[in-house]
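The values are calculated or read from the model by the stated rules, or taken from the named source; none is laboratory data. In this text, all values refer to a predicted model and were calculated from it rather than measured experimentally. Neighbour counts run over all protein chains shown; Cβ positions are idealised from the backbone, glycine included. For the accessible areas, the whole protein counts, side chains as well, though only heavy atoms, and no ligand, DNA or RNA atoms are used. Shrake-Rupley method; radii C 1.70, N 1.55, O 1.52, S 1.80 Å.
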2 protein chains.
Amino acid sequence: MTSAKNAPVCVLGTGLIGGSLLRAAAAAGYDGWGYNRSAAGAQAARADGFDVTEDLTTTLRRAAETDALIVVAVPMPAVGHILSAIATFAPGCTLTDVVSVKEPVAAAVHAHGLADRYVGGHPMAGTAESGWAATDPELFRDAVWAIGVDEGTHAESWSRVVRLALDCGAVVVPVVAAEHDRAVARISHLPHVLAEALAAAGAAGGELALGLAAGSFRDGTRVAGTAPDLVRAICEPNSAALLEVLEETLRVLGSARDSLRAEQSLADLVATGHDARKRYESARRWEITDVRPGASNWLEDLRAAGKRGGVITRLG
Amino acid sequence: MTSAKNAPVCVLGTGLIGGSLLRAAAAAGYDGWGYNRSAAGAQAARADGFDVTEDLTTTLRRAAETDALIVVAVPMPAVGHILSAIATFAPGCTLTDVVSVKEPVAAAVHAHGLADRYVGGHPMAGTAESGWAATDPELFRDAVWAIGVDEGTHAESWSRVVRLALDCGAVVVPVVAAEHDRAVARISHLPHVLAEALAAAGAAGGELALGLAAGSFRDGTRVAGTAPDLVRAICEPNSAALLEVLEETLRVLGSARDSLRAEQSLADLVATGHDARKRYESARRWEITDVRPGASNWLEDLRAAGKRGGVITRLG
């Protein structure tokens, strides 16, 4: 049995996030290897000196033999298939994931009987690019990494997952799955939806409008450049939470439309939006100290701290 | 009478756009001076060595005496006051503006009897900052500058305005006022509206949501950091065109909501948005050559070229 610190990492899916994680972990001194569904992706990783193959079975047997931390880094639609293989070949390993939504992953993990050693994760990092070619060992530097503190979380497994996130350069926000999913609907999935709608509105103005477009349009549509399948794989599994905030936003925009029509005024929308942006700009992370995994009320305490903007920057 | 090339420039309003224009023109060898309503703003400009005062009358008398090109660079709500003064003290000068909307300015110019030598303009540049402190002589470098080619445009005045824009480092898109206003509703004013709504949705998620926010939220809300009065002064005078595209966007988002609810699918929205963004990314400016102000059909030819994405990069 290896020590938690030096336990190897087995990454399943070496696209932008999984591949960057494998590189960041290697740079931090972890022994690591991976699996990738596409031969071309695995080949690209091997060309950069990483041990990545298309052989899921062998990859997982090695994880089981070495007590590796397994990281599921495939899009949501592929999660079920990967969990089936884990349940067959490495059911005893500590398990985390970097999927953009947490409740559906947790439900699938439970359905596959893998809940005991599972701790959900979601690094808030990415670009409009995808695939091994876009990977970067520094992708998680100073990023926020959401890590589950749901009821029943196993303290040792949790510590291993948190340590990996910290070693990749991130800070950790402790959050339960349902709250994570509601939060990311607001700050990740809604931005995708609005960016797609804005891009469509601009292009409907033809060459003239696109030719006049400057910074506000470029920034506001940036994530519409993300591959469509990836955007759908990120947003659609979070439909319920996304629907709620999309309805809310339709009401806000509908009121702005009414006010613009009746009084040529955007006063309320602009005041609210500007206050909100200032609140975002001035939000300061604070460090959650004295984290004691397994101590009395540790999960409740971490949940409360995460809700108030606290982050974990080190483990004792 | 000075030659067009060396004719001085009189800038009314030395905030971000007007102040940057004064600096860029000076750097390009123009003699220039300005007026600013606030004493603090004028003082800041003078501290940087620019001839800017709060005395509108004297500023305009000097423009009349030197046949200067007058640039109106105040927000739309202040345009009427400025035009009254021009009509009184410098009615014969060539006149342009850098206001974000063109039909309301043109209407005000007509109402003040100043239409003969007026050529509307709008440099597509800016930041979330404002005031003299934010000015930058390089603000217009490689930016697009929309310049009017409306019926009745005076060829010599038009050439002077185009030359100023080119000398500031911009390329020129020829466009009539109504089409300009419809285009900027799509690529400038709607981005502001959506950014405000997105910021509000994020902040409604509290510290947790704001703490998890990463690139997509930061970029999508950037322009919500602009001063509320400035956003309103930019968007509200273009209410009619903005309403049209806001209605269109509400329909697009409403369809996405329906599809998400019924089928957990964002397929249509994401496909449309991604195509649109790719079209924007791949749009290439092409140079309108052989521009002959005053020649037969010159305005029609320039209008047609502008619609197809053409830009003017030099004058013969």
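For B:P77, the distances from its label point to the matching points in the remaining copies are 5.0 nm, ordered from shortest, with each point set 7 Å beyond Cα toward Cβ.
Give, as a single signed number, the net charge of other residues whose beta carbon lies under 15 Å from the beta carbon of A:H122, with Lys and Arg counted +1 and Asp and Glu -1. Show your work: numbers first, answer last.
Working: positive: A:K102, A:R182, A:R186; negative: A:D97, A:E103, A:D150, A:E179, A:D181.
With Lys, Arg at +1 and Asp, Glu at -1, the neighbours total -2.
Using alpha carbons only, how many angstrom separate the centre of segment A:238-264 from the centre of segment A:11-45? The distance from the Cα centre of segment A:238-264 to that of segment A:11-45 comes to 41 Å.
Taking 21 Å as the cut-off for C-alpha to C-alpha distance, list the pairs among A:K102/A:K307; B:K278/B:K307; A:K278/B:K278; B:K102/B:K278 that go past it. Spell out each step's value before the answer.
Details: A:K102/A:K307 16 Å; B:K278/B:K307 19 Å; A:K278/B:K278 31 Å; B:K102/B:K278 29 Å.
Beyond 21 Å: A:K278/B:K278; B:K102/B:K278.
Relative to the Cα centre, the charge distribution of segment A:169-274, modelled as +1 at Lys and Arg Cβ and -1 at Asp and Glu Cβ, gives a dipole magnitude of about 180 debye. Dipole check for the protein assembly as shown: with +1 at the C-beta of Lys and Arg, -1 at the C-beta of Asp and Glu, and the Cα centre as origin, the magnitude is about 500 Debye. Electrostatic bookkeeping for B:L12 treats Lys and Arg as +1 and Asp and Glu as -1; over the other residues with beta carbon under 14 Å from its beta carbon, the sum is -1. When B:T53 is represented by a point 7 angstrom out along its Cα-to-C-beta vector, the spacings to that point in the other copies are 8.4 nm, nearest first.
Rounded to the nearest whole Hz, the Karplus-based 3J(HN,Hα) values (6.51 cos²θ - 1.76 cosθ + 1.60, θ = phi - 60°) of segment B:302-314 follow the sequence 5, 4, 5, 5, x, 4, 8, x, x, 10, 9, 10, 7, with x at glycine and proline. Overall shape: prolate for segment B:76-208, with the ratio a/c of the largest to smallest alpha carbon gyration tensor axis at 1.5 or above and a/b above b/c.
Give the ranking of B:F217, B:F50 by solvent-accessible surface, highest area first, calculated with a 1.4 Å probe. Working shown, then result.
Values: B:F217 0, B:F50 40 Å².
Sorted descending by solvent-accessible area, the residues read B:F50, B:F217.
Using the rule -39500 (n - 2.57) for each DSSP H run of four or more residues, divided by the residues of chain A, the 222 nm mean residue ellipticity is -15500 deg cm²/dmol. Figure note: A:R186, A:R292, A:R37 ranked by solvent-accessible area, largest first, 1.4 Å probe, ligands and nucleic acids not counted: A:R37, A:R292, A:R186. Rank A:V175, A:L242, A:V193 by how far each Cα sits towards the positive end of the charge dipole of segment A:136-287 (+1 on Lys, Arg Cβ; -1 on Asp, Glu Cβ) and give me just the farthest. Of the listed residues, the answer is A:V193. Specify the inter-centroid distance of segment B:274-294 and segment A:94-127, based on alpha-carbon positions, in whole Å. Comparing the Cα centres of segment B:274-294 and segment A:94-127, I get a distance of 46 Å.
Taking square-rooted eigenvalues a ≥ b ≥ c of the alpha carbon gyration tensor, is segment A:47-91 rounded, prolate or oblate, where a/c under 1.5 means rounded and, failing that, a/b exceeding b/c means prolate? Judged from the Cα gyration tensor, segment A:47-91 comes out oblate (a/c at least 1.5, b/c at or above a/b). For B:I17, the solvent-accessible surface computed with a 1.4 Å probe is close to 40 Å², ligands and nucleic acids excluded. When the charge dipole of chain B is built from unit charges on Cβ atoms (+1 for Lys and Arg, -1 for Asp and Glu) and taken about the Cα centre, the candidate among B:V184, B:G34, B:A214 whose Cα reaches farthest toward its positive end is B:A214. Rounded to the nearest 5, the antiparallel percentage of DSSP beta bridges internal to segment A:94-184 is 30%. At 7 angstrom along the Cα-to-beta-carbon line, where would the label on A:D31 sit relative to the other copies? Give the distances in nm, shortest first. Reported distances to equivalent positions: 8.1 nm.
Considering only A:T59, A:G202, A:A283, and ranking their Cα positions along the charge dipole of the protein assembly as shown that arises from unit charges at the beta-carbon of Lys, Arg, Asp and Glu, the one farthest toward the positive end is A:T59.
Just to be sure I understand: if I project the alpha-carbon convex hull of the protein assembly as shown onto a plane and average over all orientations, what area do I get in nm²? Could you put the intermediate results ahead of the total?
Numbers: hull surface 119.8 nm².
The number I arrive at for the protein assembly as shown is 29.9 nm².
Pick from A:S38, A:S265, A:S20: which is most flexible by mean-square fluctuation in a GNM of chain A where alpha carbon atoms under 10 Å apart are linked? Taking springs between Cα atoms under 10 Å, the residue moving most is A:S265. Binning the alpha carbon pair distances of segment B:1-74 at 5 angstrom intervals from zero yields the distribution 3, 19, 31, 27, 15, 4, 1, expressed in whole percent. In this structure A:W145 has an accessible area near 10 Å², from a 1.4 Å probe over the protein heavy atoms.
The residues neighbouring B:A106, those whose beta-carbon lies less than 12 Å from its own, together hold a net charge of -4 under the Lys/Arg +1, Asp/Glu -1 convention. Given springs between every Cα pair under 10 Å in a Gaussian network model of chain B, which of B:G18, B:G205, B:G80 has the largest fluctuation? Comparing B:G18, B:G205, B:G80 in the GNM, the peak value goes to B:G205.
Please state the relative contact order of chain A as a whole percent: Cα pairs under 8 Å, 6+ residues apart? That works out to 16 percent.
How big is the charge dipole of chain A about its Cα centre, in debye rounded to the nearest 20, if each Lys and Arg gets +1 on its Cβ and each Asp and Glu gets -1 on its Cβ? Don't skip to the end; give the middle numbers.
On the way: 29 positive and 37 negative charges, 85 e Å.
With only Lys, Arg, Asp and Glu charged at Cβ, the dipole is about 400 debye.
Averaging the Cα positions of each part gives two centres, and for segment A:59-87 and segment B:131-210 these lie 50 Å apart.
Does chain B classify as rounded, prolate or oblate by the C-alpha gyration tensor (a ≥ b ≥ c root eigenvalues; a/c under 1.5 gives rounded; else a/b over b/c gives prolate, otherwise oblate)? It is prolate, given that a/c is not under 1.5 and a/b is the larger ratio. Close amide-amide hydrogen proximity is noted between A:T94 and A:I70, each under 5 Å apart and 5 or more residues distant or on a separate chain (H modeled in the peptide plane; Pro and chain starts excluded).
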